[in-house]
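Engineer: Sharing a structure with you now.
The values are calculated or read from the model by the stated rules, or taken from the named source; none is laboratory data. Being a predicted model, the structure only gives us computed values, none of them experimental. In this analysis, Cβ positions are derived from the backbone assuming ideal geometry, glycine residues included, and neighbour counts consider all displayed protein chains.
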Amino acid sequence: MTTVLDLPEDVLVELLSLLPARDLVRACRLVCRQWRYVVDLTTLWKRKCQREGFYTQNLDRSITDWKIFYMLCNLKRNLIKNPCAEEKFRHWKLDKNEGDKWKIEDLPGAHGNMMPDPKVHKYFVTSYGPCLKSQLINLQKEGYWNQLMDEKRPEIVVKDWYSARFDCGCRYELTVRLLSEDYIVLEEFHPEPVVIEQWSDAMWREISHTFQNYPPGVRYIWFQHGGQDTQFWAGWYGIRVTNTSITIGPLTRL
């Protein structure tokens, strides 16, 4: 009688590619020598990529490890929680909250414009005193194991959107740090603050940075942004921020 252990390799690849990656690595690989061999095959992970929409033909020559490529694609999502103020200030640490403090407003806001992304409906806005807020991302808790970060060092892409009111000048600040297990700064993105003059076009603008070839040992990502108005008006005339994202994944430039 034929059992699943007697199936030809191509049939096994097709069947096993239907299973979750976690089961393949933690259970199926331990069944027998043949299954371990099949689970380690490039063709199996390439098939999983095809099944889940991660595969395009132009990737064939650039992917050296389809298993890792699949894992990164499967994990990829926005690691910033509550990026568009839909949950008020949940998940954010208010590092500086001066003047009339941080506030949440609905787009487009007074003397403002709508976001290019119609799915974004709210933004965080600063006051006349320094306003900064942050999140600390624990990579291991998000599924990015130490060996993956140290050996593969996948791209870390940071994006943030900011805007001013038409009638008031303001200042925007951003700092992103890659931290070790002991919170030592291994790499940092800290551009010069953006100063927007009064009577600007009040358009939303995106700032973006990609960390590549960073040192091994990255265990946390610390993100902080904010600013204030430059005319010290009571109320909420400072920089507006929303739609923040941090993603980790392979070949994000393709």
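Engineer: Going through the stretch 170-219 one residue at a time, which ones are within 23 Å of LYS122 (Cα to Cα), small (Gly, Ala, Ser) and surrounded by fewer than 15 Cβ atoms within 10 Å (Cβ to Cβ)?
Structural biologist: SER208, the sole residue that qualifies.
Engineer: Answer yes or no: is there a residue in the stretch 149-169 that is buried (at least 18 other Cβ atoms within 10 Å of the Cβ) and in a helix (DSSP H, G or I).
Structural biologist: Among the residues of the stretch 149-169, at least one is buried (at least 18 other Cβ atoms within 10 Å of the Cβ) and in a helix (DSSP H, G or I), which makes the answer yes.
Engineer: Need the failing condition index for LYS159 against (1) at pLDDT 95 or above; (2) in contact with a Gly (Cβ under 9 Å, 6 or more places away or on another chain); (3) under 15 Å from ILE246 (Cα atoms), just the number.
Structural biologist: (2)
Engineer: What number of residues within the stretch 126-145 satisfy the criterion of being more than 22 Å from LEU94 (Cβ to Cβ) and touching a Lys or Arg at 6+ places or on another chain (Cβ under 7 Å)?
Structural biologist: 2
Engineer: Another question, if that's okay. Which residues, counting only those in the stretch 48-68, are over 22 Å from the mean Cα position of the chain (by Cα) and surrounded by 20 or more Cβ atoms within 10 Å (Cβ to Cβ)?
Structural biologist: LYS48
Engineer: Then there's this: Out of (1) within 18 Å of the chain's Cα centre (by Cα); (2) at pLDDT 95 or above; (3) surrounded by 16 or more Cβ atoms within 10 Å (Cβ to Cβ), the odd one out for THR126 is which?
Structural biologist: (1)
Engineer: Give the stretch 41-71 a look and list any residue that's closer than 14 Å to PRO250 by Cα, out of contact with any Lys or Arg (no Cβ under 6 Å at 6 or more places or on another chain) and modelled with pLDDT of 90 or more, or say none.
Structural biologist: Within the stretch 41-71, CYS49, LYS67, PHE69, MET71 meet the criteria.
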